[in-house]
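What follows is a short report on a single structure.
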Amino acid sequence: MSSDDSLLLGADLVKDRRRLVAAYDDASGITAAFNKNVLHVLNEQLGGNFDPELFSHVALWNEDEQWIEMRLRAREEMEVTLADAGISVRFAEGEDLLTEISAKFTPERIEAELEAAGFVVDGMWGAAEGEFLLTLAHPYC
């Protein structure tokens, strides 16, 4: 980026833990179906033999990292093959497959990370509402 360029960054902010987990583990099962779709894609794209019904959707809040982890937990011991990739994986009952990380941020963390990457923050909007933050920055150049 040149000194004339700007970066507009949108970031989801840290919220109440229960609310975040509920958003990624909705009662209607929409997120669980979305998460299990990764197994269908692996089956189709890499000749896999995953049975999505043998996995449970799990959403966890990682306080230290300030992110949601979506996982698929094996309901029983199994071995799964991705024939086109030449891979075979064993799962123990209860073992998790990490499928997604959805990071959440604080305004202070965004500013610190942008500064560490060589940017100057010009403005931030939305922090007062606590949902989502827009940050405008430019490179130090």
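A few points about this structure:
- In region 71-141, Cα pairs under 8 Å separated by at least six residues give a relative contact order of 22 percent.
- Residue of ASP16, ASP26, ASP64 that the Gaussian network model of the chain assigns the largest fluctuation, springs spanning Cα pairs under 10 Å: ASP64
- Accessible area of the chain belonging to carbon and sulfur atoms, whole % at 1.4 Å probe: 52
- For region 65-109, the square roots of the Cα gyration tensor eigenvalues, ordered a ≥ b ≥ c, give a/c of at least 1.5 with a/b no greater than b/c, which places it in the oblate category.
- In nm, spacing of pseudo-spin labels at ASN49 and ARG75 (7 Å Cα→C-beta vector): 1.9
- Whether region 97-141 is rounded, prolate or oblate, judged on the alpha carbon gyration tensor where a/c under 1.5 counts as rounded: oblate
- With contacts taken as Cα pairs under 8 Å at a separation of at least 6 residues, region 1-97 carries a relative contact order of 22 percent.
- Label-reachable residues, region 35-74, where backbone N falls under 15 Å from a point 7 Å from GLU113's Cα toward its Cβ: 62-69
- In nm, spacing of pseudo-spin labels at ASN62 and ALA128 (7 Å Cα→C-beta vector): 3.4
- Structure-based [θ]222 nm, the chain - -39500 (n - 2.57) summed over DSSP H runs of at least 4, per residue, nearest 500: -7500 deg cm²/dmol
- Calculated translational diffusion coefficient of the chain (25 °C, 0.890 mPa s; Stokes-Einstein with Kirkwood radius over alpha-carbon pairs) equals 139 µm²/s.
- Antiparallel DSSP beta bridges within region 1-136, percent to nearest 5: 95
- Under the shape rule built on the C-alpha gyration tensor, where the axes satisfy a ≥ b ≥ c, region 1-75 is oblate, since a/c reaches at least 1.5 while a/b does not exceed b/c.
- Cβ-defined net charge surrounding ILE110, 12 Å radius [Lys, Arg +1; Asp, Glu -1]: -3
The values are calculated or read from the model by the stated rules, or taken from the named source; none is laboratory data. Predicted model only: the values in this text are computed from it and were never measured. Glycine gets a Cβ as well: all are built from the backbone with ideal geometry, and neighbour counts include every protein chain shown. Heavy atoms of the whole protein, side chains included, go into the accessibility calculation; ligands, DNA and RNA do not. Shrake-Rupley method; radii C 1.70, N 1.55, O 1.52, S 1.80 Å.
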